[in-house]
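Only one structure is covered here, and it is reproduced in the block below.
The values are calculated or read from the model by the stated rules, or taken from the named source; none is laboratory data. Every value quoted in this text rests on a predicted model; they were computed, and no experiment measured them. Cβ coordinates were reconstructed from backbone atoms using ideal geometry, including for glycine residues, and neighbour counts include every protein chain displayed. Areas reflect the complete protein model, heavy atoms only, side chains present, ligands, DNA and RNA absent. Shrake-Rupley method; radii C 1.70, N 1.55, O 1.52, S 1.80 Å.
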Amino acid sequence: MSRLKVLGIALALAVAAVLALGGLQGLGAPAHQQTGARSSGGSAQRAMGLIMVNLTEAASALAGVQPATAVAAAGQATPIPTMPPIEGPATTAAVEPPPAQAASAQYSSTNVQVEGIDEGDFVKTDGRWIYLCYGGVLYLITPGLKIEGWYAVGGGQCQLLAAEGRVLAIWSNGAATGLVLLSADGGLRPVARFQIEGRPLGARLEGSYAYVVVSSPLTPLYLVNGTALGELPGVSPTPAGVVAVVAVDMSSGRFNYTALAAGDIYRVFMYGDRLYLFQRPDGLQMLADIVEAGRSRLPEGLWEELRGYIENGDYLGLYNALSRSRAASALIGLSAPVNTTVYEIAVDGLSLGVAAVGEVPGLLTDQFAVAQRGGYLILAATEASAKAVPLFCLCPIFIRPPNSTIYVDGRPWGSVPSIGGCRCPYLYVAVEEGNVSLYVVNADSLSVVAEVAGLAPGEEVHAGRLVGGIYYLVTYRAVDPLYAINVTDPARPQVLGFLKAPVFTDYLHPVGPGLLLGVAAGAGPPFFWGGEVQVLLYNVSNPAAPAVVSNVTVTNARSPVMSDYHAFLYRSDAGVAILPVYAPRPFVLVLSVEGGRLGVEAVVEGVYASRALYIGDVYYLVGPGWIGAYNSTFAEIGQLSLNS
């Protein structure tokens with residue numbers, strides 16, 4: 001099995017032995033774009049994921065950025081124009097809309113990784129209101145599907161956090177991230193707002209304090225509320241960007257932040273009073289590692305020059321020198337290990353500070369590859385190595401562009417001959433993934449205290465879940481097993497058992513004592529809609545011998561739960577699991593979990609939904625520009641359109 005992750009654009013290095021490359025030429029894919037594919041076979045080449053970085057873009061990012069629009073200082077409210085009357089959104093109902101629920105009614109929360117730590121999402125409820133962000137507008141909606149207020153937040157998509165009768169909206173216009181805190185009393189009334197350079201990576205809420213992580217390229221002008229900061233503290237010896245954590249007191253409307261020169265943050269995890277940021281190396285840093293590994297292959301004089309750039313942390317200078325040398329072909333086939341850097345941010349209300357920095361081998365290829373038990377982090381890492389890989393382009397060598405002619409006062413002065421036919425990428429920095437190890441890390445010092453090495457040779461972490469003292473781990477590529485690992489004593493983790501499964505599970509959710517529900521991509525035909533969706537019920541009452549005891553299969557379909565666990569809803573008091581299904585005719589599948597078996601409780605046909613929630617006995621399905629209300633038997637009782 002293989003998966004290809006495209007996380008950037010081409011890293012092109014000149015190679016004299018093949019085509020004469022006149023410079024760099026990117027492939028035009030957006031930075032950090034990701035694609036995935038799964039196929040049979042286990043060769044190292046098919047199991048390779050590429051990280052391709054356009055260094056031309058990296059260099060231009062250092063030249064400057066567009067200034068962000070100035071907003072109010074942190075913690076201060078800003079006068080905002082009164083919103084015009086609301087017109088347009090239409091409500092339709094098969095029966096009367098459900099009555100407004102009391103604030104004390106039982107209601108759902110967003111499906112999250114850590115109980116008690118909320119996560120940003122585009123729809124929220126506090127039992128009294130439904131907050132829904134769509135098309136750059138935040139809507140305040142009653143349980144009876146009546147709009148009571150709205151606020152234009154800017155941008156397209158946004159994330160929401162709700163507490164203390166207030167809602168925090170987080171959005172990005174591409175260059176900067178905006179935050180606005182609004183009160184739900186008397187419609188949506190803005191309390192305070194904040195703006196910071198970069199794009200949001202994630203948002204967490206613990207009690208009445210929100211924490212928003214924002215990432216930006218390394219720029220000479222870093223703006224917070226329109227004011228440029230001075231020198232940033234560096235937590236990475238080779239910073240590729242700036243990462244900021246913004247703290248928000250939902251009660252008082254006060255803000256605080258810390259900004260650090262760091263690298264490419266790709267995972268965010270929060271537990272208690274600690275926020276953990278996980279950083280992977282960027283393309284330039286991986287290139288430096290490969291150059292060090294291949295120094296014996298390089299001319300002695302060139303290696304001395306390149307070593308100077310590496311020792312000074314000037315990786316862009318390293319790249320330019322290597323490109324000028326035309327000696328890149330000597331690096332083909334060389335590799336260097338890829339590690340993840342961990343930053344521990346101590347949070348105490350509005351107080352923020354870096355508590356520790358650590359490192360673990362490999363990459364965390366799934367959000368649930370991170371868990372915490374007691375004073376320890378449980379990290380399921382996939383071994384990775386950066387490798388110099390050639391990539392040839394189809395280009396007729398006989399094609400030669402015209403010479404460049406220089407004219408002075410209209411008279412030809414001379415010409416510069418062209419030096420080659422095509423300009424195309426040749427050498428890439430790639431990342432090979434395979435082999436899984438479990439690391440137990442001290443949550444305060446970030447030192448590794450125990451490990452289970454070589455847990456799944458040739459596999460990759462695909463899903464995980466900590467339930468009590470047992471960490472359940474799913475890997476995939478060839479066997480796709482479910483492992484049960486005892487971490488009751490974190491210093492002595494022990495594999496209790498594993499189950500070989502015919503499908504790889506994308507998401508695991510506890511649904512009762514000794515039971516795990518898994519949402520998996522089945523092995524059906526690879527139709528446009530994604531083959532099969534399988535929902536598996538695992539009996540893990542004996543972790544040494546996990547077993548699949550029930551399953552539901554949907555053919556010619558896929559589910560957003562496979563890539564977004566916020567799309568999944570489990571209601572424990574009713575014993576129902578709800579997941580949207582995308583098919584030629586989309587629907588929402590409602591499953592019962594009772595007596596150790598799965599059953600189909602209801603199918604809501606013809607709705608393209610991506611979220612489900614409930615207030616009291618009323619369920620709500622949310623899709624692009626609409627929200628529908630359903631009774632306990634999932635018959636529709638009301639619908640609100642935001643597109644009218």
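Side notes on the structure shown:
- Nonlocal amide H pairs with residue 226, under 5 Å, H built at 1.01 Å: 71
- Heavy atoms of residue 368 accessible to a 1.4 Å probe, total area in Å² rounded to 10: 20
- Å² of accessible area per residue within the stretch 207-328, as computed with a 1.4 Å probe and no ligands counted: 38
- Under 20 Å from the Cα of residue 146 - aspartates and glutamates, other chains or at least 8 residues apart: 87, 96, 126, 185, 617, 636
- The relative contact order of the stretch 238-382, computed from alpha carbon pairs under 8 Å that lie at least 6 residues apart in sequence, is 22 percent.
- Among 255-262, 571-578, the order from most to least packed when residues are scored by Cβ within 10 Å on average: 255-262, 571-578
- The phi-based Karplus calculation (6.51 cos²θ - 1.76 cosθ + 1.60; θ = phi - 60°) puts the 3J(HN,Hα) values of the stretch 626-640 at 8, 9, x, 10, 9, 7, 5, 9, 6, 8, 5, 10, x, 8, 10 Hz, whole numbers, x for Gly and Pro.
- Scoring 295-307, 123-135 by mean Cβ neighbours within 10 Å over their residues and listing the highest first yields 123-135, 295-307.
- Surface composition of the stretch 98-181: carbon and sulfur make up 48 percent of the accessible area, probe 1.4 Å.
- Under 15 Å from residue 500, Cα to Cα: aspartates and glutamates that are on another chain or at least 8 residues apart: 459, 460, 480
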